[in-house]
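Peer 1: Can you keep this structure in mind? I'll have questions shortly.
The values are calculated or read from the model by the stated rules, or taken from the named source; none is laboratory data. This one's a predicted model, so the numbers in the text were calculated from it and none came from an experiment. Note: ideal-geometry Cβ built from the backbone for every residue, glycine included; neighbour counts use all protein chains shown. When the accessible area is computed, the model is the full protein with side chains, heavy atoms only, and any ligands, DNA or RNA have been set aside. Shrake-Rupley method; radii C 1.70, N 1.55, O 1.52, S 1.80 Å.
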Amino acid sequence: MASIAGSYDENAEPSSGYTPLPVGEYQLEIVESDYVATQSGNGMILKCKAQVVGGDFDGRPFYINYNLENANEQAQEIGQRDFAGLRRATGVLAPQDTEELHFKAFGVKIGQRKRKDTGELENNIVKYLFDGEQSAPPAANNNRPAAQQQRPAAASGGSKPWRK
């Protein structure tokens, strides 16, 4: 048992659930990563927690999985291609440790698709942006969190639309 008295807002509104990001171009940065076995045990997945950098959705989490090793050749090929896009977009072409990818801003075009299991909308990365394709190039950041970088404040005036 643990006391939580005074640790919560009694008047807080319940979460309205997950709302996908609008389709468009975003800057992201990876803030956490882990390399774990697939549920079936026949491969390895690089699980990344990223966050949006700048704009109205600054700080919003975005989760990305890369199926780097898998008995299913097609699943592995897709994972390897996606990871190649991440490496090129971050400029970290041959990482030895996932931490080398942390806090490196990179551009993506995000789309929406329906989940096969629930039919609900979810976001997906349609394309990694590099070689002048992105609207705003990522700033050099020496592998530090974006919060420690100098960047413009979110245009939303501090309110996080996904926290409503």
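Peer 1: Quick one: residue 10 ticks every box in (1) among the acidic types (Asp, Glu); (2) in contact (Cβ under 8 Å) with a residue 24 or more places away in the chain; (3) in a loop (DSSP other than H, G, I, E, B) except a single one, so which number is it?
Peer 2: Status for residue 10: all satisfied but (2).
Peer 1: Which condition number in (1) small (Gly, Ala, Ser); (2) open to solvent by less than 60 Å² (accessible area, probe 1.4 Å); (3) free of Cβ contacts under 8 Å to residues at least 24 places away in the same chain is the one that residue 37 fails?
Peer 2: Tallying (1) small (Gly, Ala, Ser); (2) open to solvent by less than 60 Å² (accessible area, probe 1.4 Å); (3) free of Cβ contacts under 8 Å to residues at least 24 places away in the same chain, residue 37 fails exactly one: (2).
Peer 1: Here is a further query. What number goes with the only condition from (1) within 21 Å of residue 103 (Cβ to Cβ); (2) open to solvent by 30 Å² or more (accessible area, probe 1.4 Å) that residue 10 does not pass?
Peer 2: Residue 10 satisfies every listed condition except (1).
Peer 1: Going through 71, 89, 94, 105 one at a time, which residue ends up being among the aliphatic types (A, V, I, L, M) and more than 19 Å from residue 31 (Cα to Cα)?
Peer 2: It is 71.
Peer 1: Would you say residue 31 is open to solvent by less than 70 Å² (accessible area, probe 1.4 Å) and not small (Gly, Ala, Ser)?
Peer 2: Yes; evaluated as a whole, the condition is true for this residue.
Peer 1: Moving to a separate point now. Quick one: residue 26 ticks every box in (1) closer than 21 Å to residue 114 by Cα; (2) open to solvent by 40 Å² or more (accessible area, probe 1.4 Å); (3) in contact (Cβ under 8 Å) with a residue 24 or more places away in the chain; (4) in contact with a Lys or Arg (Cβ under 9 Å, 6 or more places away or on another chain) except a single one, so which number is it?
Peer 2: (2)
Peer 1: Among the strands (runs of 3 or more DSSP E) lying completely within the range 15-97, list those that include at least 2 residues that are touching an Asp or Glu at 6+ places or on another chain (Cβ under 7 Å).
Peer 2: Answer list for the range 15-97: 43-52.
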